[in-house]
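Report on the structure given below.
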Amino acid sequence: MRYPAAETAEKHQRILTAAARLFREQGFDGVTVGQIMQATGLTHGPFYNHFASKEALMAESTLHGSEHSRVALDAASASPEAMRQYVRDYVSTAHRDAPGDGCLLAALAGDVRKQPAVRPAFTFHLKTIIGKLAAHFPWQKKRDPRQQAIVMLSAMVGAVALSRAVDDDAFSDEILKAVNTAFTT
């Protein structure tokens, strides 16, 4: 039995959204196809009607998550203060504490190096974010906006990743605050 195209597309998007969230929360190896399908309310059976493999889902869900992040950054490019607020929101306890809702860079950078199928999507996302930051962040010195964007994004991603990894709440907050202060004041 064939489902209407709109229903199939809606299910596909549900799978991508659930997978992107679960991968950010638990890593690529920490989630099974069955868990993803369960999170969508669908059975395991139709998975292969949508994706050739788990690796194909990982790559496509990375692009799906990337699109959400790029839209948020586009909105922030409206003004210098909006860009600073974007950085504040990124390097925050709310982002630290909700990896499933956060940036795929901070959540998956360590996993991506072991997933060749995901690296092109991850690279595309990283280059796009760097380009947008270079073009729209209110840099104080116009030396090399791309280089400054790489440094800032690396610090932001690193701060969130490190703040998630430590077992000392005060130290975790200090990491976030230090990077936040470095780029928003």
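The values are calculated or read from the model by the stated rules, or taken from the named source; none is laboratory data. Everything quoted here is computed from the prediction, not taken from an experiment. All Cβ positions, even for glycine, are placed from backbone atoms using ideal geometry, and neighbour counts span all protein chains on display. Accessible surface is based on the protein model in full, side chains and every heavy atom, while ligands, DNA and RNA are left aside. Shrake-Rupley method; radii C 1.70, N 1.55, O 1.52, S 1.80 Å.
Beyond 20 Å, how much of the Cα-Cα pair distribution for region 126-185 remains, as a whole percent?
Values: 553 of 1770 pairs.
That tail contains 31 percent of the Cα-Cα pairs.
Using just the helices of the chain, give the 222 nm mean residue ellipticity in deg cm²/dmol: DSSP H runs with n ≥ 4 each add -39,500 (n - 2.57), and the total is spread over all residues, rounded to 500.
On the way: 10 runs with 137 residues, N = 185.
Only helices count here, giving -24000 deg cm²/dmol.
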| Say a paramagnetic label sat at a point 7 Å from the Cα of His68, along Cα to Cβ; which residues of region 12-44 have their backbone N under 13 Å from it? | 13-26
| Each label point is 7 Å from the Cα along the Cα-to-Cβ direction; what then is the distance between the points at Ser77 and Asp144, in nm? | 2.2
| Among the lysines, which have Cα under 29 Å from the Cα of Lys132 when same-chain residues fewer than 8 positions away are ignored? | Lys114, Lys141, Lys142, Lys177
| Quick one: helix 80-90 against the long Cα principal axis of the chain, what's the angle to the nearest 10°, folded into 0 to 90? | 60
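Leaving ligands, DNA and RNA out of it, report the carbon-plus-sulfur percent of the accessible area of the chain at a 1.4 Å probe. Numbers along the way, then the final one.
Working: 5440 of 9910 Å².
Summing carbon and sulfur atoms, their accessible area is 55 percent of the total for the chain.
Checking the a/c ratio against 1.5 first, then a/b against b/c, what shape does the Cα gyration tensor give for region 1-107?
Values: a/c = 2.97, a/b = 1.85, b/c = 1.61.
Judged from the Cα gyration tensor, region 1-107 comes out prolate (a/c at least 1.5, a/b above b/c).
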| Solvent-accessible area per residue, Å², over region 54-128 with all protein chains present [probe radius 1.4 Å] | 47
| Taking a temperature of 10 °C and a viscosity of 1.306 mPa s, what whole-number D in µm²/s does Stokes-Einstein yield for the chain with Rh from Kirkwood over alpha carbon pairs? | 91
| said: If you average the alpha carbon positions of region 64-124 and of region 140-179, how far apart do those two centres end up, in angstrom? | reply: 13
